[in-house]
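Asker: Have a look at this one.
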Amino acid sequence: MKAEGKVFRYGDNVDTDVIIPARYLNTSEKDELRKHCMEDIDPDFVKNVQQGDIIVAGKNFGCGSSREHAPIAIKASGVSCVIASTFARIFFRNSINIGLPILECPEAAAEIKAGDELSVDFSTGEIVDKTSGKTYYAEPFPEFMQRLIESGGLIGYIKENY
Amino acid sequence: MPMTMTEKILAHAAGLESVHPGQLIMADLDMVLGNDITSPVAIKEFPSFGKEHVFDKDKIALVPDHFTPNKDIKAAEQCACVRAFAKSENITNYFEAGRVGIEHALLPEKGLVTAGDTVIGADSHTCTYGALGAFSTGVGSTDMSAGMAIGKAWFRVPETILFRLSGKLGKHVSGKDLILTIIGMIGVDGARYQAMEFGGDGYHSLTMDDRFTIANMAIEAGAKNGIFPVDDLTLSYLKEHNAKEPKIFTSDPDADYARVIDIDLCSIVPTVSYPHLPENTHPAKEGKDIKIDQVVIGSCTNGRLSDLEKAAAVLKGHKVADSVRCIVIPATQQIWLDAMHEGLFDIFVEAGCVVSTPTCGPCLGGYMGILSEGEKCVSTTNRNFVGRMGHVKSEVYLASPETAAASAITGHITDPEEIV
């Protein structure tokens with residue numbers, strides 16, 4: 001699976017309260033959540049994001065609450081994948097479980113700039129920054145997580161195996 | 001193979017002789033928890049798993065505590081969704097308004113978690129039950145839904161950091177000051193994906209309420225779980241709350257820890273985390289210049305009876321500063337009753353505080369104490385992220401109940417030592 005898109009760039013410790021503020025958690029409708037994605041850190045995100053675009057951030061992306069509304073809002077915005085130096089653990093498992101592609105790659109997270117055009121191959125972990133001409137490789141997922149991802153997330157995996 | 005107590009519990013839950021850090025396992029669950037924010041997503045997904053009913057109606061807890069009593073129409077609809085599912089699946093542990101309390105205070109109080117259990121909750125502060133010697137961790141709604149369907153969850157076995165405690169906390173210093181100090185020391189991702197085990201001779205001196213507060217905020221250091229070894233105090237708490245028979249797991253003396261950090265409890269001082277990360281810690285006595293507009297005393301972190309008792313002891317005979325709103329929120333109905341019978345409400349109301357029904361409300365900027373632009377709040381809650389309690393330009397300062405109460409009196413951040 002591949003994705004191509006433009007980069008939205010954020011720093012360290014992007015928390016789930018800025019990804020989707022709790023004042024909007026009185027609903028779980030994807031389209032409602034999408035309208036407020038990243039609102040408290042980047043009010044223009046919703047206006048500017050296009051199908052396939054990519055979020056690149058520093059360490060501990062998605063820290064804070066367990067709200068699955070955070071990866072749901074990002075996915076519903078059309079974001080094709082999130083690349084970060086590291087992910088907070090609940091955001092990490094929520095993304096795998098709902099089928100939002102995420103890649104851990106400290107070098108890419110440090111060097112890629114806002115607005116760069118990327119091409120990402122999820123099966124190999126290859127990240128090509130077409131703007132700078134540089135190529136990076138993210139850590140491949142362990143086999144169990146590969147199977148989860150291939151099943152389309154946790155629901156597909158459980159249906160196939162339990 | 002020597003193992004830590006977290007590894008032993010996970011091995012037991014996975015039906016394995018032993019496990020090692022990094023191993024991916026499927027574990028049997030003793031309890032699956034959700035609230036009014038996270039359960040509706042899980043309930044909507046439930047039919048996709050193709051199971052007719054939940055795996056065990058006694059091992060699921062549905063606790064509508066975040067935006068209840070219903071704060072608006074949408075919140076009411078989310079609660080109606082949870083209520084209807086609880087009824088159709090005949091869920092034993094569903095708690096309606098009037099009986100509900102903040103989930104992480106309520107489950108231990110009702111004896112629904114015991115030592116050695118493996119628990120998931122669609123709420124990040126589910127790590128609280130590690131205070132009882134359980135493996136307990138926060139997950140998302142899809143994990144909760146899968147847990148309700150098959151009674152299992154996948155885990156990557158975490159490495160463990162041992163915090164070896166010695167000595168005793170001083171007067172007016174609490175478990176909150178200790179955990180804030182630790183987060184300040186290791187950072188908000190200092191224990192990412194790892195277990196935080198609180199051992200050493202010093203842990204015996206920590207009250208159960210302090211242990212709940214400490215385990216509760218393990219997530220604020222990025223941890224998968226916080227955990228305390230079981231001692232006599234744990235066992236008497238479990239007995240008093242009619243919990244199931246405890247399963248006691250103890251870390252082997254030669255267990256492999258990722259790190260060992262020694263902490264002398266005598267060295268901990270009243271501590272405040274400044275905006276906008278819990279790791280941004282400062283001694284409370286250095287906060288004189290920070291004028292505040294609101295104080296919140298409550299939440300899954302610090303809404304227990306001893307928290308209210310300590311706040312009341314500071315407030316007794318004083319008035320909340322004219323410029324401050326002070327909101328007190330007992331975490332459960334039982335705590336509310338006990339606080340009332342002890343006369344704590346007289347102290348709070350005479351000092352000029354609001355006393356609320358149990359709710360998570362202001363902690364996550366839901367309702368019951370939202371901040372306007374530029375306002376500052378000293379809060380006994382657990383997060384001070386941008387916009388957490390309201391306006392994106394408001395500020396939250398995390399502190400203990402005593403520091404919060406002292407600050408309510410003076411109108412600026414205050415070390416409780418200066419008041420009592």
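Asker: Taking strands (runs of 3 or more DSSP E) that fall entirely within the range B:273-337, which contain at least 1 residues that are of a type in the set (D, E, K, R)?
Answerer: Correct list: B:325-328.
Asker: Next up: Just to check your reading of the model, which residue among A:TYR162, A:TYR136 is more than 30 Å from B:ASN216 (Cβ to Cβ), crowded, with 17+ Cβ neighbours inside 10 Å and more than 16 Å from the chain's Cα centre (by Cα)?
Answerer: When all the criteria are applied, what remains is A:TYR136.
Asker: On to the next question. If you go through the range B:384-403 one residue at a time, do you hit one that is among the hydrophobic types (A, V, I, L, M, F, W, C), surrounded by fewer than 24 Cβ atoms within 10 Å (Cβ to Cβ) and within 21 Å of B:ILE37 (Cβ to Cβ)?
Answerer: Yes, because at least one residue in the range B:384-403 is among the hydrophobic types (A, V, I, L, M, F, W, C), surrounded by fewer than 24 Cβ atoms within 10 Å (Cβ to Cβ) and within 21 Å of B:ILE37 (Cβ to Cβ).
Asker: While we're looking at this one, here's another question. Can you tell me which residue in the range B:56-87 is surrounded by the most Cβ atoms within 10 Å (Cβ to Cβ), limited to those that are more than 10 Å from chain A (Cβ to nearest Cβ) and over 13 Å from B:GLY34 (Cβ atoms)?
Answerer: So, considering only residues that are more than 10 Å from chain A (Cβ to nearest Cβ) and over 13 Å from B:GLY34 (Cβ atoms), the one surrounded by the most Cβ atoms within 10 Å (Cβ to Cβ) is B:THR68.
Asker: Test each condition in (1) within 14 Å of another protein chain (Cβ to nearest Cβ); (2) closer than 30 Å to B:ALA195 by Cβ for B:GLY116 and report the one that comes out false.
Answerer: Only one criterion is unmet by B:GLY116, namely (1).
Asker: Still on this model: Which members of the range B:191-207 meet the condition of being in contact (Cβ under 8 Å) with a residue 60 or more places away in the chain and surrounded by fewer than 21 Cβ atoms within 10 Å (Cβ to Cβ)?
Answerer: Those that are in contact (Cβ under 8 Å) with a residue 60 or more places away in the chain and surrounded by fewer than 21 Cβ atoms within 10 Å (Cβ to Cβ): B:GLY200, B:SER205, B:THR207.
Asker: Regarding the range B:192-199, can at least one residue be identified that is part of a loop (DSSP other than H, G, I, E, B) and of a type in the set (S, T, N, Q)?
Answerer: yes
Asker: Still on this structure: So B:PHE345 clears everything in (1) in a loop (DSSP other than H, G, I, E, B); (2) among the aromatic types (Phe, Trp, Tyr); (3) away from chain A (no Cβ under 13 Å) except one condition, right? Which one?
Answerer: Only one criterion in (1) in a loop (DSSP other than H, G, I, E, B); (2) among the aromatic types (Phe, Trp, Tyr); (3) away from chain A (no Cβ under 13 Å) is unmet by B:PHE345, namely (1).
Asker: Return a yes/no flag: does the range B:290-308 have any residue that is more than 27 Å from B:PRO330 (Cβ to Cβ), surrounded by fewer than 19 Cβ atoms within 10 Å (Cβ to Cβ) and not hydrophobic (A, V, I, L, M, F, W, C).
Answerer: Yes, that holds for at least one residue.
Asker: Tell me the residue from B:GLY366, B:GLY387, B:GLY352, B:GLY361 that is touching a Pro at 6+ places or on another chain (Cβ under 9 Å), small (Gly, Ala, Ser) and touching a residue at least 12 places away in the same chain (Cβ under 8 Å), please.
Answerer: B:GLY387
Yes/no matrix, rows are residues, columns are (1) in a helix (DSSP H, G or I); (2) more than 10 Å from every other protein chain (Cβ to nearest Cβ); (3) more than 26 Å from B:ALA331 (Cβ to Cβ); (4) charged (D, E, K, R):
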{"site": "B:PRO2", "(1), (2), (3), (4)": "no, yes, yes, no"}
{"site": "B:LYS8", "(1), (2), (3), (4)": "yes, yes, yes, yes"}
{"site": "B:HIS12", "(1), (2), (3), (4)": "yes, yes, yes, no"}
{"site": "B:VAL19", "(1), (2), (3), (4)": "no, yes, yes, no"}
{"site": "B:ALA42", "(1), (2), (3), (4)": "yes, no, no, no"}
{"site": "B:GLU45", "(1), (2), (3), (4)": "yes, no, yes, yes"}
{"site": "B:HIS53", "(1), (2), (3), (4)": "no, yes, yes, no"}
{"site": "B:ILE91", "(1), (2), (3), (4)": "no, yes, no, no"}
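Asker: Let me spell it out: the conditions are (1) touching a residue at least 60 places away in the same chain (Cβ under 8 Å); (2) part of a strand (DSSP E or B), and B:LEU62 meets all of them except one. Which number is the exception?
Answerer: (1)
Asker: When you go through B:LYS176, B:LYS224 one by one, which is the residue that is within 14 Å of another protein chain (Cβ to nearest Cβ) and at pLDDT 95 or above?
Answerer: B:LYS224
Asker: Listed residues B:GLU240, B:GLU220; which is out of contact with any strand residue (DSSP E or B) (no Cβ under 8 Å at 6 or more places or on another chain), surrounded by fewer than 19 Cβ atoms within 10 Å (Cβ to Cβ), at negative phi and not basic (Lys, Arg)?
Answerer: Values: B:GLU220 fails: surrounded by fewer than 19 Cβ atoms within 10 Å (Cβ to Cβ).
Result: B:GLU240 is the single residue among B:GLU240, B:GLU220 that is out of contact with any strand residue (DSSP E or B) (no Cβ under 8 Å at 6 or more places or on another chain), surrounded by fewer than 19 Cβ atoms within 10 Å (Cβ to Cβ), at negative phi and not basic (Lys, Arg).
Asker: Give B:THR137, B:THR142, B:THR128 a once-over and let me know the one that is under 22 Å from B:LEU308 (Cβ atoms) and either free of Cβ contacts under 8 Å to residues at least 24 places away in the same chain or within 14 Å of chain A (Cβ to nearest Cβ) (or both).
Answerer: Criteria check complete, one pass: B:THR128.
Asker: Which numbered condition trips up B:ARG99, out of (1) within 12 Å of chain A (Cβ to nearest Cβ); (2) within 18 Å of B:GLY361 (Cβ to Cβ)?
Answerer: (1)
Results for (1) closer than 26 Å to B:GLY222 by Cα; (2) without any contact (Cβ under 8 Å) to a residue 12 or more places away in the chain, shown as yes or no for each residue.
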position	(1), (2)
A:GLY99	yes, no
A:LEU103	yes, no
A:ILE112	yes, no
A:GLY115	no, no
A:TYR136	no, no
A:PRO142	yes, yes
A:ARG147	yes, yes
A:GLY153	yes, no
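The values are calculated or read from the model by the stated rules, or taken from the named source; none is laboratory data. It should be emphasised that the depicted structure is a prediction, and the values quoted were computed from it without experimental measurement. Glycine gets a Cβ as well: all are built from the backbone with ideal geometry, and neighbour counts include every protein chain shown.
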